[in-house]
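Peer 1: Okay, here's the structure, questions in a sec.
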Amino acid sequence: MTDALLEVSDLAVHFNAKAGARGGSGVVKAVDGLDFSIGHGETVGVVGESGCGKSTTGLAIQGLVKATSGSIMLDGVDLTKLKSRQVRAARRRTQMVFQDPTSSLNMRMTVGQIVAEPLLVHETLPKAQHRERVAELLGLVGMPESALDRYPHEFSGGQRQRIGIARALAVEPDLIICDEPTAALDVSIRAQVLNLFRELQRKRDLSYLFISHDLSAVHHISDRILVMYLGRPMELASRDTVYNDPQHPYTVALMSAVPIPDPDVERNRKHVLLQGDVPSPLNPPSGCVFRTRCPLAQDVCATEKPEFRDVGTNGEKHMVACHFAQPGMADLVAAKAAQ
Amino acid sequence: MSTTPPLTTGAEPATQTPLGVKPIFEVDDLQVEFRTSAGVAKAVNHVGFSVAPGECLAIVGESGSGKTATLLAALRLLPTPPSRTTGGRVLVDGVDLFSLSRKELRDVLGRDISMVFQDSLSAFNPILTIGRQISEGVRRHRGLSKKAARALSIEMLERVGVPDPQQRVDQYPHQLSGGMRQRAMIAMALAGEPKVLIADEPTTALDVTVQAQILELVRSFQDLSIVWVSHDLGVVAGLADRVAVMYAGSIIEQGPVRDIFHDARHPYTRALLGSVPRLRDPERGDLVSIPGLPPSLVDLPPGCPFYARCGVREDRCLSRMPELVDVAPRHQAACFVAADEARTA
């Protein structure tokens with residue numbers, strides 16, 4: 001993995017939780033022991049339920065929350081150990097696209113000002129050329145040049161998301177961190193935005209970290225998929241392996257829960273239902289964090305933390321954190337759940 | 001206790017549903033407008049559908065297509081102004097909701113027909129316990145004592161799969177997780193043994209694993225008549241018997257779930273289905289995206305509202321809104337082109 005653009009090793013992001021109305025205080029391990037990499041021009045999808053740490057991972061890479069330990073290497077530079085003077089230059093290489101295009105665009109600025117702001121901050125271009133560059137960026141995301149002097153509220157949700165993407169592209173980043181970029185969009189508009197992401201990737205050799213709870217969108221856009229649960233990595237493999245031959249029981253349950261838009265398929269498949277909710281991150285289960293909802297849990301799962309290990313065959317890297325990882329896990333879990 | 005609605009005898013089939021039984025819930029030619037600063041928005045335009053006992057009808061469509069407005073207006077839950085219901089009829093088991101007094105309406109809502117919403121946190125009163133809120137309806141509608149209502153609340157919570165119902169019944173809404181609160185809302189809606197359950201995107205805010213639990217729960221109430229509003233075609237595929245597709249305030253296609261998914265006739269329905277990324281697709285080409293945006297409801301064109309975005313449009317589509325016509329048994333579409341195709345097929 002020497003050609004990786006981004007290499008995250010043993011990343012941890014911990015928050016101190018103060019005692020609140022719901023009681024309990026201590027350390028929330030929002031992300032713990034996370035390892036993954038993103039290659040040049042590659043898209044890595046991150047999936048998991050609310051609170052699994054997928055957004056925190058994105059924020060840590062962008063430097064918007066501080067990593068507690070571990071390293072985030074971007075082209076050989078550790079982003080967690082930057083001197084303040086180097087921070088800005090490094091930030092230029094990663095940009096974010098957020099979920100809610102309404103709150104992530106300043107409504108008092110024109111579209112032209114919004115898209116030009118990264119250019120001002122990073123001083124990559126003489127100011128006289130900004131307008132021309134912004135028009136070019138808007139064209140790239142399929143917006144008319146006339147949008148320049150208009151305000152965000154004059155546009156629909158899908159168009160605002162395009163403006164957010166144009167802003168992210170302004171300083172020519174290598175990596176775009178997309179945090180639920182299509183969650184607020186309708187199906188037909190979501191398709192437009194997903195198509196745009198892929199078109200931009202082809203044109204610009206961009207890498208994406210695509211964070212979403214929408215598993216079908218992640219599957220569509222990703223080369224590899226990272227599955228997270230309670231801040232820990234569960235499984236990481238190519239998108240087809242994750243969908244067709246998952247070796248972690250949680251991945252199996254997650255995939256099984258995604259409804260398939262075909263009545264003949266959807267009504268005849270067996271759903272693996274997980275019991276209950278995700279445990280409190282303040283008091284995660286010992287050993288394997290998934291064991292309290294796992295249909296295969298044994299005594300060893302409570303005492304020993306499973307290693308995030310490579311079970312891949314014929315050259316493909318396939319990382320799984322489960323004591324019982326094995327091919328054909330989907331059938332095993334389905335049989336167990338049926339009992 | 002059973003939440004099974006009484007089976008209709010079918011003795012006097014006044015209106016026939018496609019199944020040949022008397023519908024339990026019927027909306028007929030409903031029209032709703034909203035007064036906005038930009039003008040009058042025609043949010044619901046001549047919408048009609050019916051639900052047979054034990055049937056699940058899904059209403060799908062994108063934001064602003066009028067799904068929620070239709071249901072809220074049908075149950076007279078929309079504030080007037082800004083909304084105004086300008087026409088139509090809504091029958092619940094033969095009773096016309098629009099002819100009832102406010103007091104009579106309150107007796108029907110929660111007893112014969114109840115509703116669950118997307119956001120369970122705002123659907124509950126934050127300063128009353130879950131048990132108190134479930135009890136309120138059954139005490140009013142079924143005349144239960146305080147004690148009996150509490151016992152029923154616990155039973156209902158248990159039935160929808162809330163763990164430790166004895167403790168949960170005395171907790172406040174914020175103390176429950178999102179999935180559990182959604183279950184509690186379903187318990188509240190079903191406690192009065194309604195004939196019809198109206199569900200407006202009840203799983204949209206939930207994680208897929210919790211959504212799967214809720215869908216399994218809803219499927220277990222087999223005799224319940226359900227109107228399920230969703231933009232998630234996967235959920236609809238797994239739940240609905242029939243599907244109605246809305247666009248710009250009108251139903252543009254409706255039919256049995258298999259027909260809609262495998263043999264859609266309206267160009268909008270086809271495009272909508274094509275725009276969903278599918279897990280089973282081995283090859284990932286570009287998704288079908290529908291160019292442009294839905295028309296403004298304040299300024300609806302005289303013809304087909306999908307005209308501007310349609311791939312098979314013709315000049316005649318501009319003349320007037322095509323009405324829903326049969327394109328297959330029990331399957332209607334509002335499209336001139338689809339109607340011609342059906343005639344010549």
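The values are calculated or read from the model by the stated rules, or taken from the named source; none is laboratory data. Quick caveat, the model's predicted, so the values are computed rather than measured. Glycine gets a Cβ as well: all are built from the backbone with ideal geometry, and neighbour counts include every protein chain shown. Just the protein is used for accessible areas: all its heavy atoms, side chains included, with ligands, DNA and RNA removed. Shrake-Rupley method; radii C 1.70, N 1.55, O 1.52, S 1.80 Å.
Quick grid of which residues meet (1) modelled with pLDDT under 95; (2) farther than 19 Å from residue A:167 by Cβ; (3) of a type in the set (Lys, Arg):
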| residue | (1), (2), (3) |
| --- | --- |
| A:38 | no, yes, no |
| A:45 | no, yes, no |
| A:48 | yes, yes, no |
| A:76 | yes, yes, no |
| A:107 | yes, no, no |
| A:117 | yes, no, no |
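Peer 1: Here's a follow-up. Show the residue pairs that are 6+ apart or on different chains and have beta-carbon atoms under 6 Å apart, the first residue being within the stretch A:132-150 and outside any helix (DSSP H, G or I), the second being open to solvent by less than 30 Å² (accessible area, probe 1.4 Å) and at pLDDT below 90.
Peer 2: Nothing qualifies.
Peer 1: Still on this structure, please answer the following. Is it the case that the stretch B:292-303 has a residue that's within 11 Å of another protein chain (Cβ to nearest Cβ) and in contact with a Ser or Thr (Cβ under 6 Å, 6 or more places away or on another chain)?
Peer 2: The answer is yes, given that some residue of the stretch B:292-303 is within 11 Å of another protein chain (Cβ to nearest Cβ) and in contact with a Ser or Thr (Cβ under 6 Å, 6 or more places away or on another chain).
Peer 1: Moving on to the next point. If I filter the stretch B:294-301 for residues that are farther than 14 Å from residue A:259 by Cα, open to solvent by 10 Å² or more (accessible area, probe 1.4 Å), of a type in the set (A, V, I, L, M) and not in a loop (DSSP other than H, G, I, E, B), do I get at least one hit?
Peer 2: Yes, the stretch B:294-301 contains a residue that is farther than 14 Å from residue A:259 by Cα, open to solvent by 10 Å² or more (accessible area, probe 1.4 Å), of a type in the set (A, V, I, L, M) and not in a loop (DSSP other than H, G, I, E, B).
Peer 1: Now for a separate question. Testing residue B:39 on (1) modelled with pLDDT of 90 or more; (2) open to solvent by 20 Å² or more (accessible area, probe 1.4 Å); (3) not hydrophobic (A, V, I, L, M, F, W, C), one condition comes back false. Which one is that?
Peer 2: Unmet for residue B:39, out of (1) modelled with pLDDT of 90 or more; (2) open to solvent by 20 Å² or more (accessible area, probe 1.4 Å); (3) not hydrophobic (A, V, I, L, M, F, W, C): (1).
Peer 1: Need at least 1 residues that are open to solvent by less than 50 Å² (accessible area, probe 1.4 Å) and over 25 Å from residue A:219 (Cβ atoms) per element, so show me which helices (runs of 4 or more DSSP H) inside the stretch A:243-339 make the cut, counting only ones lying wholly within it.
Peer 2: Passing ranges, in order: A:299-303.
Peer 1: Would you mind listing the strands (runs of 3 or more DSSP E) fully within the stretch A:35-97 where at least 1 residues are in contact (Cβ under 8 Å) with a residue 12 or more places away in the chain and small (Gly, Ala, Ser)?
Peer 2: Of the strands (runs of 3 or more DSSP E) lying wholly inside the stretch A:35-97, those with at least 1 residues that are in contact (Cβ under 8 Å) with a residue 12 or more places away in the chain and small (Gly, Ala, Ser) span A:43-47, A:69-74.
Peer 1: Which numbered condition trips up residue A:297, out of (1) within 13 Å of chain B (Cβ to nearest Cβ); (2) free of Cβ contacts under 8 Å to residues at least 12 places away in the same chain?
Peer 2: Here residue A:297 clears every test but (1).
Peer 1: Out of the stretch B:104-152, which residues are in contact with a Gly (Cβ under 7 Å, 6 or more places away or on another chain), closer than 20 Å to residue B:196 by Cα and without any contact (Cβ under 8 Å) to a residue 60 or more places away in the chain?
Peer 2: Within the stretch B:104-152, B:137, B:138, B:141, B:142 meet the criteria.
Peer 1: Restricting to the stretch A:155-190, name every residue that is part of a helix (DSSP H, G or I), charged (D, E, K, R) and over 22 Å from residue B:287 (Cα atoms).
Peer 2: Across the stretch A:155-190, the qualifying residue is only A:167.
Peer 1: Right, next: Only residues that are among the small types (Gly, Ala, Ser), at the interface with chain A (Cβ under 7 Å from one of its Cβ atoms) and part of a loop (DSSP other than H, G, I, E, B): list them for the stretch B:263-286, please.
Peer 2: Scanning the stretch B:263-286 gives a single hit, B:275.
Peer 1: Next up: Looking at (1) open to solvent by 50 Å² or more (accessible area, probe 1.4 Å); (2) under 21 Å from residue B:210 (Cβ atoms); (3) among the hydrophobic types (A, V, I, L, M, F, W, C), find the lone condition where residue B:151 falls short.
Peer 2: (2)
Peer 1: Related question: Quickly run through the stretch A:249-262 and pick out the residues that are more than 7 Å from chain B (Cβ to nearest Cβ) and touching a helix residue (DSSP H, G or I) at 6+ places or on another chain (Cβ under 7 Å).
Peer 2: Within the stretch A:249-262, A:249, A:251, A:252, A:255 qualify.
Peer 1: Hey, does the stretch A:212-228 have a residue that's within 13 Å of chain B (Cβ to nearest Cβ), assigned to a strand (DSSP E or B) and in contact with an Asp or Glu (Cβ under 7 Å, 6 or more places away or on another chain)?
Peer 2: Looking through the stretch A:212-228, at least one residue is within 13 Å of chain B (Cβ to nearest Cβ), assigned to a strand (DSSP E or B) and in contact with an Asp or Glu (Cβ under 7 Å, 6 or more places away or on another chain).
Peer 1: Then there's this: Please list, ordered by residue number, the helices (runs of 4 or more DSSP H) wholly in the stretch B:157-262 having 3 or more residues that are more than 13 Å from chain A (Cβ to nearest Cβ).
Peer 2: B:165-168, B:178-191
Peer 1: Pick from A:242, A:278, A:265: which is free of Cβ contacts under 8 Å to residues at least 40 places away in the same chain, in contact with a Lys or Arg (Cβ under 9 Å, 6 or more places away or on another chain), farther than 30 Å from residue B:256 by Cβ and within 11 Å of chain B (Cβ to nearest Cβ)?
Peer 2: A:242
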